[in-house]
Amino acid sequence: MNATRSLVSLAVLAATLWLSACGGAKAPQAPGGGPPVTVRSVALAPVEWQDSVQALGTARANESVTITAKVSETVQKVNFDSGDDVEAGQVLVDLTGQVQLAGLEEARAAYKEAEQQLRRAEELAAKNLIPGSQLDTQRATRDAARARMDQVRAQLSDRVITAPFDGVLGLRQVSPGSLVTPGTAIATLDDVSIIKLDFSVPETLMAALAPGQAVSALS
């Protein structure tokens, strides 16, 4: 009797194991009973590695100047507007110079008269009608008249303000009729054909810097 019960128990156990095997294996699950974990693979390959340094800097124009007056005078004409592109030598402002213009005409007349007197003195000296000292005096008078004329011309040039180089003008700070004095700001002029970048790098990275390295700037 006992032997018969043992055989029946073994048969039930065997049938249970066979049914479990026929059910098939289940996919592995993530811990906690979640969905299966997706695994992706990437092939590794060598690439060129470049280090970079970020720093705050200041952009500066290649050349920058404030256009000012050299004399005390009234603005007669302004030949530019804010933000204009100008070329070197372009006339920006004309200042009134009536006194200087009158002085230039007077100096020209004096020079012309001195030149004529010198020619007469040379003719007389060639005929030994006047001493050589008188000829030298007349030549000195002519030279002084020419120097005076050049001086007045220089004074007039100070009343014509021009651009010293190509660039972009800033805000116009004078108007026709304005009184300007030496040092009065008329406008700023910047040459932006080349931009200079001023920035600092940590001392620990100075050894890694070399001429020709690329620099990118963002505003």
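Couple of notes before you dig in:
- Positions within region 122-143 being among the aliphatic types (A, V, I, L, M), under 60 Å from the mean Cα position of the chain (by Cα) and surrounded by 13 or more Cβ atoms within 10 Å (Cβ to Cβ), in sequence order: Leu135
- Annotation note: Cβ proximity below 9 Å between a residue of region 169-181 that is under 20 Å from Gln90 (Cα atoms) and a residue that is acidic (Asp, Glu) and assigned to a strand (DSSP E or B) (sequence gap 6+ or interchain) occurs for Leu169/Asp85; Leu169/Asp190; Gly170/Asp190; Val180/Glu73.
- Whichever residue in region 49-79 is under 27 Å from Ala210 (Cβ atoms) and without any contact (Cβ under 8 Å) to a residue 40 or more places away in the chain and, among such residues, is nearest to the chain's Cα centre (by Cα): Gln54
- Selection status of Thr141, among the β-branched types (Val, Ile, Thr), farther than 30 Å from Gln50 by Cα and without any contact (Cβ under 8 Å) to a residue 40 or more places away in the chain: yes
- Leu156, sole failed condition from (1) open to solvent by 50 Å² or more (accessible area, probe 1.4 Å); (2) in a helix (DSSP H, G or I): (1)
- Here region 180-207 is the region considered, the condition is being outside any loop (DSSP other than H, G, I, E, B) and of a type in the set (Gly, Ala, Ser), and the residue that is farthest from Ala55 (Cα to Cα) is Ala185.
- The sole residue among Ala210, Ala217 that is part of a loop (DSSP other than H, G, I, E, B) and within 16 Å of the chain's Cα centre (by Cα) is Ala217.
- Whichever residue in region 122-172 is among the acidic types (Asp, Glu) and at pLDDT 85 or above and, among such residues, is nearest to Val71 (Cα to Cα): Asp150
- Selection status of Gln173, in a helix (DSSP H, G or I) and out of contact with any Asp or Glu (no Cβ under 8 Å at 6 or more places or on another chain): no
The values are calculated or read from the model by the stated rules, or taken from the named source; none is laboratory data. Bear in mind the structure is a predicted one, so any value in this text is a computation, not a measurement. With ideal geometry, Cβ positions are generated from the backbone for all residues, glycine too; neighbour counts draw on all protein chains shown. Only protein heavy atoms, including side chains, enter the accessible area calculation; ligands, DNA and RNA are left aside. Shrake-Rupley method; radii C 1.70, N 1.55, O 1.52, S 1.80 Å.
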